[in-house]
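The values are calculated or read from the model by the stated rules, or taken from the named source; none is laboratory data. If you're wondering where the values come from, they're calculated on a predicted model, not measured in any experiment. Glycine also receives a Cβ, built like all others from the backbone with ideal geometry; neighbour counts cover every protein chain displayed.
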Amino acid sequence: MQTFEQYLQDHLPQAESFHPVYEKALGEMLLAGGKRFRPMLLLRVVEAYEPLLVESALAPALALECFHTYSLIHDDLPAMDDSPLRRGNPTLHTRYDEATAILAGDALNTHAFLLLARAAFREDIRIKLVEILAYNGGTEGMVLGQAMDLYFENTPLEIAQVRQLHVRKTAMLIAASLQMGAVIVGLEKEIQQALYDFGIKLGLLFQIQDDIIDETQSSEEAGKVTGNDGDKNSFITLLGLEESMVQADALAVELEEQFHAFDVRLQGALDPLIQKYLHRHR
């Protein structure tokens, strides 16, 4: 959706000051590209039911992209993954310095909530959107998943623990994106929950496929450093490539069944985004 990309470019975080690189650093990883998967999930749900609300939903969609980008900036830091490449570009701590990267990530995190607080919706909707992003991205969600991932490097976990780790680190924010779209258009609680549950499984599949890419693609093909998960509790490390592909295919079958239970409008809106994740590896 070209509208979101243009909106992002027109609404980069601004912070005029005598600092030589701070404002530039805030926008660089946002402008570096990426799938825009999370904001597009939100926007597609809104478009399916209330097309007239899509324009107002751009701010919450940008909030999701800011929040996700903050997590990537911090994930790449020397204290975490120490990665020199993200989205085919040098990471912020290699382009500038570690302090600049940390502060840019902090700024994008808090800016996401400013965007939600100022969104053009009723106060109760705005508060619910803040709650969803804070819960799924924070203490019990993405941050906990990242803490698990880092703490248990070089310590093999059981498959159930690896699933829990990646549900928190990756899947909950994807599920939140779908739920936030559902809240904006006022879908019933049961449908919100069904979308959230679907998003959790979609996020898990997303992660398994990301692990497969890490194993099978070069850094140039993937746009980030690959072959770097040997010490981590990835699905490949635990199960091997072949079994990971089997797991991904089984999850894709489950997701297809859930997807076809959604109404036609929702299927039509989401299909272009998720179809490539439902492909079989064999």
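Figures for the structure shown
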quantity: Residues of the stretch 215-240 satisfying the condition of being part of a helix (DSSP H, G or I) and either surrounded by fewer than 14 Cβ atoms within 10 Å (Cβ to Cβ) or at pLDDT below 85 (or both); calculated: 219, 220, 221, 222, 240
quantity: Qualifying positions in the stretch 115-130 - surrounded by 14 or more Cβ atoms within 10 Å (Cβ to Cβ) and not in a loop (DSSP other than H, G, I, E, B); calculated: 115, 116, 117, 125, 126, 128, 129, 130
quantity: Odd one out for residue 248 among (1) more than 30 Å from residue 82 (Cα to Cα); (2) of a type outside the set (Ser, Thr, Tyr); (3) modelled with pLDDT under 95; calculated: (1)
quantity: Residues (assigned to a helix (DSSP H, G or I), loosely packed, with under 14 Cβ neighbours inside 10 Å and either among the hydrophobic types (A, V, I, L, M, F, W, C) or touching a residue at least 40 places away in the same chain (Cβ under 8 Å) (or both)) located in the stretch 79-113; calculated: 99
quantity: Of all residues in the stretch 5-58 being assigned to a helix (DSSP H, G or I) and in contact with an Asp or Glu (Cβ under 8 Å, 6 or more places away or on another chain), the one that is surrounded by the fewest Cβ atoms within 10 Å (Cβ to Cβ); calculated: 23
quantity: Which numbered condition residue 116 fails, given (1) in contact (Cβ under 8 Å) with a residue 24 or more places away in the chain; (2) out of contact with any Lys or Arg (no Cβ under 7 Å at 6 or more places or on another chain); calculated: (2)
quantity: Odd one out for residue 183, checked against (1) among the hydrophobic types (A, V, I, L, M, F, W, C); (2) closer than 19 Å to residue 40 by Cβ; (3) under 15 Å from the mean Cα position of the chain (by Cα); calculated: (3)
